[in-house]
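Only one structure is covered here, and it is reproduced in the block below.
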Amino acid sequence: AQSVSQHNHHVILSEAASLELGCNYSYGGTVNLFWYVQYPGQHLQLLLKYFSGDPLVKGIKGFEAEFIKSKFSFNLRKPSVQWSDTAEYFCAVMRSSNTGKLIFGQGTTLQVKP
Amino acid sequence: DVKVTQSSRYLVKRTGEKVFLECVQDMDHENMFWYRQDPGLGLRLIYFSYDVKMKEKGDIPEGYSVSREKKERFSLILESASTNQTSMYLCASTGRGLGSWTGNQPQHFGDGTRLSIL
């Protein structure tokens with residue numbers, strides 16, 4: 001069965017530290033990839049997405065992610081985190097289909113200490 | 001801007017009750033989804049609908065049903081609520097995109113309903 005795995009469940013960083021959150025998926029066909037973020041008390045919102053083309057995609061708030069097809073990975077990165085990045089982050093995979101179904105990872109809680 | 005509205009932010013119900021969670025989107029989206037979010041499990045798809053009166057089971061449909069009588073509204077129904085259905089419920093919608101292909105359309109989420117079953 002198709003699955004998405006986020007390796008880090010809870011990450012604690014100090015401000016200005018670099019961030020990398022891992023995401024691996026199991027589906028071998030064509031996929032579209034997403035990172036969503038959920039700030040405390042807010043709804044999930046799209047951080048960035050990959051559909052095709054340049055495997056390095058840039059999103060909002062200085063985040064970026066790299067799609068490595070051979071590793072089935074789509075890791076999220078940010079060179080210097082801020083306290084306001086404290087949130088839960090979800091990786092998601094959509095099979096190229098006409099239903100738009102997403103498979104989500106377990107989520108990673110990021111806590112940034114000021 | 002895209003807006004997905006869930007009728008309640010917090011809800012407390014009793015075991016055995018029939019519970020209705022409502023979701024409305026204002027983007028004329030064809031596809032709508034219901035997820036539950038639990039710590040350490042991420043989001044799991046309960047049901048989705050790709051058109052009015054059309055529905056399809058997700059990964060965890062047991063104990064739930066849905067209704068989509070109008071394009072903008074997608075209801076989740078807990079037929080007989082149980083304590084293991086205490087959770088955060090999220091509704092989402094997405095458009096179909098060009099050529100009826102949804103693959104490049106991100107989902108838009110509501111604020112969620114935190115449901116407690118006592």
Computed on Cα atoms only, the convex hull of segment B:1-40 has an orientation-averaged projected area in nm² of 4.5 nm²
Local electrostatic count, B:GLY95, Cβ distance below 9 Å [Lys/Arg +1, Asp/Glu -1]: -1
Just the number, please: Stokes-Einstein D of the protein assembly as shown in µm²/s, Kirkwood Rh from C-alpha pairs, 25 °C, 0.890 mPa s. 135 µm²/s
Looking only at segment A:13-51, which residues have a backbone nitrogen under 14 Å from a spot 7 Å from the Cα of A:LYS113 in the C-beta direction? A:13-17
For peptide B:39-47, compute the average count of partner chain beta-carbon atoms within 10 Å of each residue's beta-carbon. 5
Using DSSP to define loop residues, name the GluC sites (Glu not before Pro) in segment B:1-104 whose beta-carbon has at most 14 other beta-carbon atoms within 10 Å. B:GLU17, B:GLU62, B:GLU79
Considering only the other residues whose Cβ falls under 11 Å of the Cβ of A:GLY62, what net charge follows from Lys and Arg at +1 and Asp and Glu at -1? +2
Given a Förster distance of 35 angstrom, what is the FRET efficiency for B:MET54 paired with A:HIS10, based on the Cβ-Cβ distance and rounded to 0.05? 0.35
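If you take each beta carbon of peptide A:100-113 and count the beta carbons of other chains within 10 angstrom, what is the mean? Spell out each step's value before the answer.
Working: counts 20, 11, 9, 5, 7, 3, 6, 7, 1, 2, 0, 0, 0, 0.
Mean partner shielding for this stretch: 5.
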In whole angstrom, largest first, the equivalent ellipsoid semi-axes that the Cα gyration tensor gives for segment A:3-68 are 21, 14, 14
What base-10 log of the normalised intensity I(q)/I(0) is obtained for segment B:27-110 from the Debye formula, alpha carbons as equal point scatterers, at q = 0.16, 0.17, 0.24 Å⁻¹? -0.60, -0.68, -1.22
Which FRET efficiency value, to the nearest 0.05, is calculated for A:LYS58 and A:SER3 with the Förster distance at 25 angstrom and r the Cβ-Cβ distance? 0.40
Contour minus Cα-Cα span, B:GLU72 to B:MET88, at 0.36 nm per residue, comes to 3.6 nm
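Near A:GLN106, within a Cβ-to-Cβ distance under 14 Å, what is the net charge of the other residues, with Lys and Arg +1 and Asp and Glu -1?
On the way: positive: B:ARG36, B:ARG44; negative: A:GLU88, B:ASP38, B:ASP59.
Summing Lys and Arg as +1 and Asp and Glu as -1 gives -1.
Just to confirm the filter: which trypsin sites (Lys or Arg not before Pro) across segment B:1-36 are DSSP coil and have at most 12 other Cβ within 10 angstrom of their Cβ? Mind dumping the intermediate values first?
Details: sites: B:LYS3, B:ARG9, B:LYS13, B:ARG14, B:LYS18, B:ARG36; in loops: B:LYS3, B:ARG9, B:ARG14, B:LYS18.
Sites meeting the loop and neighbour criteria: B:LYS3, B:ARG9, B:ARG14, B:LYS18.
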Short version: ³J(HN,Hα) in whole Hz for each residue of segment B:31-37, in order, from phi by Karplus 6.51 cos²θ - 1.76 cosθ + 1.60 (θ = phi - 60°), x for Gly and Pro, what are they? 9, 9, 9, 10, 10, 10, 10
What is the log10 of I(q)/I(0) for chain A, computed with the Debye formula using one identical point scatterer on each Cα and no solvent, at q = 0.11 Å⁻¹? -0.32
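Using a 10 Å cut-off on Cβ to Cβ distances, tally the other chain neighbours for every residue of B:106-116 and report the average as a whole number.
If you average over the peptide's residues, the count of other-chain Cβ atoms is 4.
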Over chain B, with a Gaussian network built from C-alpha contacts below 10 Å, which listed residue (B:ILE60, B:ILE77, B:ILE46) shows the highest mean-square fluctuation? B:ILE60
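None of the figures in this text is laboratory data; all of them are computed from the coordinates on show. Note that the structure is predicted; figures quoted are calculated from it, not measured. Note: ideal-geometry Cβ built from the backbone for every residue, glycine included; neighbour counts use all protein chains shown.
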